[in-house]
Every structure is written in C-alpha cells, then in structure tokens.
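Student: I have a structure here, written as structure tokens, and I will follow up with some questions on it.
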Amino acid sequence: MIKVDESNTPFVEERFQDRPALLAFWKDLNVTILRADMIRYLAMLAEGGVYSDLDTSCLKPIEQWIPERFSRENINAVVGVEYDDTTYRMFVRPMSFCQWTLMAKPGHPIFEAVVARVIHHLEYLARVKNTDLGNLEVEKKEVLEGTGPGAFTDAVMEVLSNDMGRRVEWSEVQGLKEPKLFGDVLVLPINGFASGQKHSHSGDKEYGEALVKHHFGRSWYTRPADPGPTVAATIEKPDEKRA
C-alpha cells in the first residue's frame, strides 16, 4: 500500500535515483492531490501491476480483466474509458480515460508519457501564476488537466498513436461496447473500470463487462481542510504476455 505522505519520498528516491530532475520536481511539489496523482504514475512506472484508489470496488478477479480471446496477444497495459458523453462541460475532450484504476507492466510508455506531461504542465502553470511549485495553488479544473484524467488521457492517446504508427482519432475509442486492442494497449469500454456512473452508458450491459466500480469519495475537493486522500496500489506480478 502506498499512502500520500512523506513515506513516498524514500520510494521515489530509491526508484528514480538516476533521474535528478524528476526527484527535484517531486520534492518541490507541495499540493496533496497533485502528489496523489503523481505517485500513482510513478508507482506504475517503477513497479507496474494493478493500481486502484481506495474508493473503488473490484467486481471481477483481476485475472479475468483481459478476455480470453486476447490470450495470445502481447498486452502490456490495460486502460478503461471514464467519460464518453456531453454531460459535463468541465471535460474539454470528447472522451477520457480513468486513472483511478491502472494496469500495466513496469516501464510502460504510457506512464513515461504522463509523468513527462505532468512535469511540463505544472512547471508551466507555476510560471504563468508567477510562483513556484512549492507555493502553487490550483483550482479543480487545473487538477483535472494537470495531473488527472486530462493529462492521463492525452498520454494514452499519444502512446496509442505511436504504437499504431498513425494518429488515433477520438472516434476510434468512443462508443466502445467491446475491448479494443491498439498495439500492446487494451482499451476497455465504460463499464470496465467506470461502472455505476450516471453518464456515458455506464451500467448499460451492452457497453462491456463491469470490472471496477468507483464510489467517488471526492475528499480532495469537497473537504479542503482534510489532509487529502489516501491512495493504494495493489501490485500483481504479471506474466510475460499480459499486463
């Protein structure tokens, strides 16, 4: 289990001792929710396996998350659709991938890409606000874009396009009713990691099997006086073919 507190720093220092710029960024970052998002990406980058927030329920055993028909495929990461609707204006993309549940082998390019995006985005945001990372204050939308589903979705789309050798369009990952493979990344329909929501056909049995349900604790913005959310990572040892 990984908690968002000072115990994370020894983990980051040990796993990323050969990346001084990343270490400096981590030590300067001083917003709990941003650290909570960042540590999940760093844990997945370093360790791989399966990560899921504490306010989620696993509805199916992890070994059943990849359908049997993909058993011969080289799958190194699994991502799930979070949002595929027009309900909430805060989502600037036509769809997004959830980052409350993650599955991948160590060192997957998705997590290299999202770590790079987070660092670039937050350092830029600090400059725009004429401050530094240690004193950076962020609004909800800035969290969603800087470290949340915005950053993660852009990283996934970047890696899917790199894997396919062409630009993967939004339409290719919208309206999914079955898992779809792009290179070594398996994309799950809305019910995969995001069942039980009030949008995006979540709960509709035609849109994939329900594997994970998110209960939306929302402590990071509903109770600002709290010390922040606790996140947990469950590390499963993947076999050589699957994430």
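Student: When only DSSP loop residues count, what GluC sites (Glu not before Pro) in the range 135-167 have their Cβ near at most 14 other Cβ atoms within 10 Å? Display every interim value, and only then the final one.
Tutor: Numbers: sites: Glu137, Glu139, Glu142, Glu145, Glu158; in loops: Glu137, Glu139.
Those that pass, being in a loop and sparsely packed, are Glu137, Glu139.
Student: Separate question: Which value, in debye to the nearest 20, gives the size of the charge dipole of the chain about its Cα centre, when Lys and Arg are +1 and Asp and Glu are -1 at the Cβ?
Tutor: Numbers: 29 positive and 37 negative charges, 66 e Å.
Using Cβ point charges on Lys, Arg, Asp and Glu, the chain gives about 320 debye.
Student: With r defined as the distance between the Cβ atoms of Cys58 and Asn130 and R0 fixed at 35 Å, what FRET efficiency is calculated, to the nearest 0.05?
Tutor: Numbers: r = 44 Å, r/R0 = 1.26.
So, using R0 = 35 Å, E works out to roughly 0.20.
Student: Exactly which chymotrypsin sites (Phe, Trp or Tyr not before Pro) in the range 83-185 are in a DSSP loop and have at most 10 other Cβ atoms within 10 Å? It would help to have the intermediate numbers written out before the result.
Tutor: Numbers: sites: Tyr83, Tyr88, Phe91, Phe97, Trp100, Phe111, Tyr124, Phe152, Trp170, Phe182; in loops: Tyr88, Phe91, Trp100.
Here the chymotrypsin sites (Phe, Trp or Tyr not before Pro) that fit, given the DSSP loop and packing criteria, are Tyr88.
Student: Only sites in a loop by DSSP and with at most 13 other Cβ atoms within 10 Å count here; which trypsin sites (Lys or Arg not before Pro) in the range 77-139 make the cut?
Tutor: Those satisfying the criteria are Arg89, Lys129.
Student: Only four residue types carry charge here, +1 at the Cβ of Lys and Arg and -1 at the Cβ of Asp and Glu. Report the dipole size of the range 82-171 about the Cα centre in Debye, rounded to the nearest 20. Show your work: numbers first, answer last.
Tutor: On the way: 10 positive and 14 negative charges, 19 e Å.
Taking the Cα centre of the range 82-171 as origin, the dipole is about 100 debye.
Student: In addition: Ordered by residue, what ³J(HN,Hα) values in Hz, to whole numbers, does the range 199-213 give under the Karplus form 6.51 cos²θ - 1.76 cosθ + 1.60, where θ = phi - 60° and Gly and Pro are x?
Tutor: 8, 6, 6, 4, x, 6, 4, 6, 9, x, 7, 7, 10, 9, 10
Student: Over the chain, what lengths in whole Å, largest first, do the semi-axes of the equivalent ellipsoid take, defined as the square roots of 5 times the eigenvalues of the alpha-carbon gyration tensor?
Tutor: Working: eigenvalues 150, 82, 63 Å².
Computed over the chain, the values are 27, 20, 18 Å.
Student: Next up: Set the Förster radius R0 to 30 Å, insert the Cβ-Cβ distance between Asp28 and Lys141 as r into 1/(1 + (r/R0)^6), and round the FRET efficiency to 0.05. Let's see the in-between values first.
Tutor: On the way: r = 22 Å, r/R0 = 0.74.
E(calc), rounded to 0.05, equals 0.85.
Student: So for the pair Asn162, Glu13, with labels modelled 7 Å out along Cα→Cβ, what separation do we get in nm?
Tutor: For the pair Asn162/Glu13, the computed spacing is 3.0 nm.
Student: Further question: With θ set to phi - 60° and the Karplus curve 6.51 cos²θ - 1.76 cosθ + 1.60, what are the ³J(HN,Hα) couplings of the range 69-86 in order, to the nearest whole Hz, using x for Gly and Pro?
Tutor: These are the phi-based 3J(HN,Hα) values: 5, 9, 4, 9, 8, 8, 9, 10, 7, 10, 10, x, 5, 9, 9, 8, 7, 10 Hz.
Student: No solvent, one uniform scatterer per C-alpha: report log10 I(q)/I(0) for the range 75-178 via the Debye equation at q = 0.12, 0.15 1/Å, two decimals.
Tutor: -0.44, -0.68
Readers should treat all values here as calculations from the given coordinates under stated rules, not as data from a laboratory. All of these numbers come straight from a predicted model, not from anything done at the bench. Virtual Cβ from ideal backbone geometry, glycine too; neighbours counted across all protein chains shown.
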